[in-house]
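The values are calculated or read from the model by the stated rules, or taken from the named source; none is laboratory data. These numbers were taken from a predicted model, which means no experiment stands behind them. Ideal geometry is used to build each Cβ from the backbone, glycine not excepted, and the neighbour counts take in all protein chains shown. These accessible areas exclude ligands, DNA and RNA; they are computed on the full protein's heavy atoms, side chains included. Shrake-Rupley method; radii C 1.70, N 1.55, O 1.52, S 1.80 Å.
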Amino acid sequence: MITKLSSDEISLRKLNVDDLLPLWHIAYGQKDPEWMRWNGPYFNDPVYTWEEFQQLSINYLDNDFRYGVFVHEQLIGIVSAYYEDGELQKWLEIGIVLYDEGIWGKNIGTRAMKIWINHLFEMNDLPHIGFTTWSGNLGMIRLGQKIGMTEEGRVRKVRFWQNQYWDSVKYGILREEWSD
């Protein structure tokens, strides 16, 4: 089974115990992390202490649907997938978080997402892969457009954040449309 996927200096692989502390540091080791303002900020997800994060670590280890994103072997983020339809397992949603805003806008997320989608289409016999974001997350919207995804749906003014309503936006791609 493939455990490491790569293209140029970017690689994806399953996380191991040695990755947990570095992951916590980049994700939660700072006060008010910038990435949380873009990754569904209306959910008000907590900033975990190291102790709290260790309790959640079982969700990160040896997980077929959560890989670390590495640049030159340095952990910078994660990609994920989950079944929107639960046990039926026919509707796959994906995500990506790059924790250091200093690397945003450098095409790293786009390249990592291409690797991830290739892997998921190879590992799953599904006709569609997609993601959902909000209209304020222009970086994620651009990522979807750059990798050839189609805006498949928009629910207007349902995400409330910073005293403003935003749209929920759905992007997706069919297997036959995917070409990397």
* Pair list, Cβ < 8 Å and 6+ apart or interchain, from region 116-127 residues that are more than 21 Å from Gly77 (Cα to Cα) and of a type in the set (S, T, N, Q) to residues that are surrounded by 14 or more Cβ atoms within 10 Å (Cβ to Cβ) and at pLDDT 95 or above -> Asn124/Leu92
* Structure fact -> Checked against (1) assigned to a strand (DSSP E or B); (2) open to solvent by 80 Å² or more (accessible area, probe 1.4 Å); (3) more than 19 Å from Trp38 (Cα to Cα), Glu176 satisfies every condition except (1)
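Considering every residue within region 16-27, establish whether at least one is open to solvent by less than 30 Å² (accessible area, probe 1.4 Å) and not in a helix (DSSP H, G or I). Before the answer, list the steps.
Taking region 16-27 and keeping what is open to solvent by less than 30 Å² (accessible area, probe 1.4 Å), we get 19-20, 23, 27.
Filter once more, keeping what is not in a helix (DSSP H, G or I): none.
Checked against the condition, which is being open to solvent by less than 30 Å² (accessible area, probe 1.4 Å) and not in a helix (DSSP H, G or I), region 16-27 yields no hits at all.
One line per residue, one yes/no per condition, for (1) at pLDDT 95 or above; (2) closer than 17 Å to Ile96 by Cα:
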residue	(1), (2)
Phe131	yes, yes
Gly136	yes, yes
Met140	yes, yes
Leu143	yes, yes
Gly148	yes, yes
Arg154	yes, no
Val158	yes, no
Gln162	no, no
Tyr165	yes, no
* For region 140-161, what are the residues that are touching a residue at least 60 places away in the same chain (Cβ under 8 Å) and either more than 19 Å from Ala81 (Cβ to Cβ) or among the charged types (D, E, K, R) (or both)? -> Arg159, Phe160, Trp161
* Can you give me the ranges of the strands (runs of 3 or more DSSP E) entirely in region 51-139 with at least 1 residues that are open to solvent by 40 Å² or more (accessible area, probe 1.4 Å) and within 20 Å of Thr150 (Cα to Cα)? => 74-83, 128-134
* Structure fact -> Within region 28-47, the count of residues that are touching a residue at least 12 places away in the same chain (Cβ under 8 Å), over 22 Å from Arg13 (Cβ atoms) and open to solvent by 60 Å² or more (accessible area, probe 1.4 Å) comes to 4
* Cβ pairs under 8 Å, 6+ apart, first in region 61-79 and free of Cβ contacts under 8 Å to residues at least 12 places away in the same chain, second open to solvent by 20 Å² or more (accessible area, probe 1.4 Å) and part of a strand (DSSP E or B) -> none
